[in-house]
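Nothing in this text is a laboratory measurement; each read-out follows from the coordinates by a stated rule. Predicted, not measured: the structure shown is a model, and the values here were computed from it. Cβ: placed from backbone, ideal geometry, glycine included. Neighbour counts: every protein chain shown.
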Amino acid sequence: MGIVGEKSAEFLSNQKEKFDQWHNMYAKSHKVTVEEAIADSERDQVANGLGRERGRKYPYCDCSILMHDLLPDYKK
């Protein structure tokens, strides 16, 4: 998608994480502490960065294959 697509995806991803943290969406929906919700958001950001990096390196590879190693055990 080029640099514009990459920057747009990064911006939207960051805004979603900020919104979720501000409103404690994950904490409310998963009934966890705020600290656990923040840790989950940080893990999401790491995964988002890896996804963008791997997508640049392998632009024609299916996302589910690129990110398979990050799926929770129950989804593998």
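Some observations on this one:
- The relative contact order of the chain, computed from alpha carbon pairs under 8 Å that lie at least 6 residues apart in sequence, is 22 percent.
- Here ILE65, ILE3 are placed in order of increasing Cβ neighbour count within 10 Å, fewest first, which gives ILE3, ILE65.
- Summing charges over all other residues whose Cβ lies under 14 Å from the Cβ of TRP22, with Lys and Arg as +1 and Asp and Glu as -1, gives +1.
- Kirkwood Rh in Å, taken over the range 9-57 so that all alpha-carbon pairs contribute: 11.2 Å
- Modelled spin labels at HIS68 and ALA39, positioned 7 Å past Cα toward Cβ, are 2.8 nm from each other.
- Taking Cα atoms only, the orientation of helix 2-23 departs from the longest principal axis of the chain by about 10 degrees.
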